[in-house]
Amino acid sequence: MLRPGKTKSRSFRRVFTRVISKTKLFYQKGKPQQAKCSECGAKLKGVPRLNATSARKAPKTTKRPERPYGGELCSKCMRIRIKENIK
Amino acid sequence: MLEIGRLCVKIAGRDAGQKCIIVDVLEKNYVLIDGLTRRRKCNIAHLEPLNELIKIKKNASHEEVTKILKPLGLEVKTTKPKKSSIRPKKTKVVKKSVKEKAEKEVKKVKKSVKEKELSKTEDKPKEPINDSKISKTSDK
């Protein structure tokens, strides 16, 4: 149960689920947005939208791709940056 | 540009940013590389060539490549695969207090069962049959 008055503003997701003889109302917190590249703003792949509890339980390798700047830059921007770092 | 002995930097993949040497040229846009990266074939599009050309035999082995790269300051790490060990089985750690409680309960149950058996034999003593009563009724 949430504290009274907290469900008035529409910041909690309302979910109706069917229980044996009736339907019940549950309130859920929302998920975070899809991660974006810090350079170009494109949506990153390989980064799931997890809330705090499920992110803590999930292993590290499932939360970002296994390459340098994985989870921060998209693959295109990563290639550009490595070329710049050579010189 | 991409010949045997050319030093390159890998751009894509999990070992992006690492230096490598071209060991052999394969067909159609593929090349065999070795060095700080794994020994495998790679697409030309994922390599950035540098200005250095080194004398190397075609299809040189991994050990020869490590010798050649050492004076340049590039140390190749050789890793052995780990031996997979069996995971230790988790044994349930039962607390002492829980164990004692369980043992006490078992003792109680045993006692109660014994008492019941004894009480059953005491409740039903064998009554002696009275012959006189039976004979009187039969006369009538």
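At a glance:
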| read-out | value |
| --- | --- |
| Given (1) surrounded by 14 or more Cβ atoms within 10 Å (Cβ to Cβ); (2) at pLDDT below 95; (3) more than 14 Å from chain B (Cβ to nearest Cβ), number of the condition residue A:37 does not satisfy | (2) |
| Selected residue (criterion: farthest from residue A:29 (Cα to Cα)) from residues of the range A:1-19 that are polar (S, T, N, Q) and assigned to a loop (DSSP other than H, G, I, E, B) | A:9 |
| Of all residues making up the range A:50-70, the number that are more than 11 Å from every other protein chain (Cβ to nearest Cβ) and either hydrophobic (A, V, I, L, M, F, W, C) or surrounded by 15 or more Cβ atoms within 10 Å (Cβ to Cβ) (or both) | 6 |
| Residue among B:102, B:45 that alone is in a helix (DSSP H, G or I) and within 14 Å of chain A (Cβ to nearest Cβ) | B:45 |
| Condition check for residue B:76: surrounded by 16 or more Cβ atoms within 10 Å (Cβ to Cβ), within 35 Å of the chain's Cα centre (by Cα) and away from chain A (no Cβ under 14 Å) | yes |
| Hits in the range A:20-42 - residues which are touching a strand residue (DSSP E or B) at 6+ places or on another chain (Cβ under 8 Å), part of a strand (DSSP E or B) and of a type in the set (D, E, K, R) | A:24, A:36 |
| From the options B:4, B:33, residue that is modelled with pLDDT of 90 or more and in a loop (DSSP other than H, G, I, E, B) | B:4 |
| Matching residues in the range B:9-42 - criterion: being within 14 Å of another protein chain (Cβ to nearest Cβ) and closer than 18 Å to residue B:70 by Cβ | B:18, B:19, B:20, B:36, B:37 |
| Pick from the range B:48-71, criterion in a loop (DSSP other than H, G, I, E, B) and touching a residue at least 12 places away in the same chain (Cβ under 8 Å), ranking: farthest from residue B:13 (Cα to Cα) | B:55 |
| Qualifying residue in the range B:28-41 (condition: more than 38 Å from the chain's Cα centre (by Cα) and either of a type in the set (Phe, Trp, Tyr) or surrounded by fewer than 18 Cβ atoms within 10 Å (Cβ to Cβ) (or both)) | yes |
| Qualifying residue in the range A:43-51 (condition: at pLDDT below 90 and either part of a strand (DSSP E or B) or at negative phi (or both)) | yes |
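The values are calculated or read from the model by the stated rules, or taken from the named source; none is laboratory data. All values reported here derive from a predicted model rather than from experimental measurement. A quick note on method: Cβ atoms are made from the backbone with ideal geometry, for glycine too, and the neighbour counts reach across all protein chains shown.
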